[in-house]
1. Could you work out how far the C-alpha centroid of the stretch 111-183 sits from that of the stretch 315-333, in angstrom?
2. HN-Hα J couplings of the stretch 115-126 from phi, Karplus 6.51/-1.76/1.60, θ = phi - 60°, integer Hz, Gly and Pro as x?
3. Whole-Hz ³J(HN,Hα) for each residue in the stretch 390-398, computed from phi via Karplus 6.51 cos²θ - 1.76 cosθ + 1.60 with θ = phi - 60°, x for glycine and proline: what do you get?
4. Can you pull a Stokes-Einstein diffusion coefficient for the stretch 300-439 at 37 °C (0.692 mPa s), Rh from Kirkwood over Cα pairs, as a whole number of µm²/s?
5. Write down the radius of gyration of the stretch 206-264 and its Dmax, each obtained from C-alpha positions, in Å.
6. Rounded, prolate or oblate: which one fits the stretch 163-259, using the alpha carbon gyration tensor with axes a ≥ b ≥ c (rounded when a/c is under 1.5, else prolate when a/b beats b/c, else oblate)?
7. So how strong a dipole does the chain carry about its Cα centre when Lys and Arg Cβ are +1 and Asp and Glu Cβ are -1, to the nearest 20 debye?
8. Per-residue counts of other Cβ atoms within 10 Å, averaged by peptide: what ranking do you get for 306-317, 55-66, 166-177, highest first?
Amino acid sequence: MKIPIRLIATLALVSITGFLSWSSLSSKATAEARTSKEARYKSLAKGSVNYNKHIAPILHKNCATCHHAGEVAPFALMDYKDAKKRAKQLTLVTQSGLMPPWKAEHGFGEFAGEMRLTEDEKGLLKQWAEDGMPEGSAVDKPAAPVFPKDWTVGTPDLITEMPEAYQLGASGNDEYRCFVIPTNYSEDRYIRSVEVKPGNRNIVHHVIAYLDTTGEGRKKDAADPALGYITFGGPGIVPSGVMAGWAPGNQPYSLPDGIGVLLPKHADIIMEVHYHKSGKAERDQTKIGLVFQKAPVDKRVRSAVVINPFLNIPAGKSGHPVEANVTLPGNVHILGATPHMHLLGTEMTVTAITPNGTTLPLVRIPKWDFNWQISYNFKEALAVPKGTRLHLLAKYDNSSSNPNNPSSPPRDVRWGEQTTDEMCIAFVSYLVDDEHLLQGIEPQGYPDFVGGGRRKRQSR
């Protein structure tokens, strides 16, 4: 299927995380999705569940990343006083699955950095709140986690930032603003890790770093009298690739030696920042730190875009299905997947179907949430053979009973960048088995739109 150029400009919308990490390349593949069900929580003796022994480890591991001073969460969960004050709220949001904001179905794929609570952990939080929130013995009290004040990835080789702080108004609609940052490198480089440091976490909802080798971003910047230029849900141009992104809770990863994300020579970084207004005038000067691969790179990260830009969701229809497929022309190792829809989306399932008919689970989002768009990276890269078909099945609710429907009354909805429009995309990151850049072997014919820069002569 050939995708119209105007639609291609929006494909890189949601690469909202750092880089991929996995423990090893694996040829093992699970023949069907696991749907393991955990046993229900068995209550402990009344009053025996306490903060120091049972609750603190749960909160430190799953919540403190966002819930500490200077982070995006509205309150801290670092000590007993913090947790006691929020005990009933913790029970409510964890029992409902609202928090932690991990949306992928457990057992449908094996993911690195999975932020989810077990039934036992949710049960312990509930029982602790119901039993009066005892603190417990100081002997059992764990040390609070320490979060780096500087760069998590170490000292970056390159730190990029806006030329000056952006002034955001006190009220009104959210803003999507792009800032063009030249890199000025005269040769290609490969990136090992990227870290995004929001300048003002009170107003920065998410950040995406695109790459531009055409100069079109500079033209849009020059045409806008304010700092940067305004967009909605994309860079407003056809990007050369996506470098990285940030959303609350995301932590930067580092790629192993020999693998990198291409930063083309003379590329500009287009940093798109989604701002949410706080009720008062604010300033932001977000930074991005890059660490380059020092060892020679033999493979680069690519991304297939599984997409259906011709969707048409009838007004009043719920459970409306939309499908898309992409066939891989050779043997690859799949690294992860990033689903994307807008406000009418309700669920998405992404699988890999091998030539012999085996269906391998990649990711399933049973309850889509536009506000929590996450890249799901595998613990181990998944080996699939030539001819494997990447399959996407999404469902949409365009009825008046959908509280997220932006149109009242509902109207027919097609593809577009606005919140009243829709999208149907899954980005699938992968490595090509036969690629050996150090030997001059750069296979052609592979889908490769985002997930890193492209050369003038696009590798296929």
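1. That distance is 32 Å.
2. 9, 8, 9, 6, 4, 5, 5, 5, x, 5, 4, 5
3. Per-residue couplings from phi come out as 7, 10, 10, 10, 10, 10, 10, 10, 10 Hz.
4. Result for D is 207 µm²/s.
5. Both quantities, over Cα of the stretch 206-264: 14.0, 43 Å.
6. Cα axes put the stretch 163-259 in the oblate bin.
7. Roughly 440 debye for the chain.
8. Put in order of decreasing packing, that is 55-66, 306-317, 166-177.
None of the figures in this text is laboratory data; all of them are computed from the coordinates on show. Keep in mind it's a predicted model, so treat the numbers as computed, not measured. Methodologically, a virtual Cβ is constructed for each residue, glycine included, from the backbone with ideal geometry; neighbour enumeration extends over all protein chains shown.
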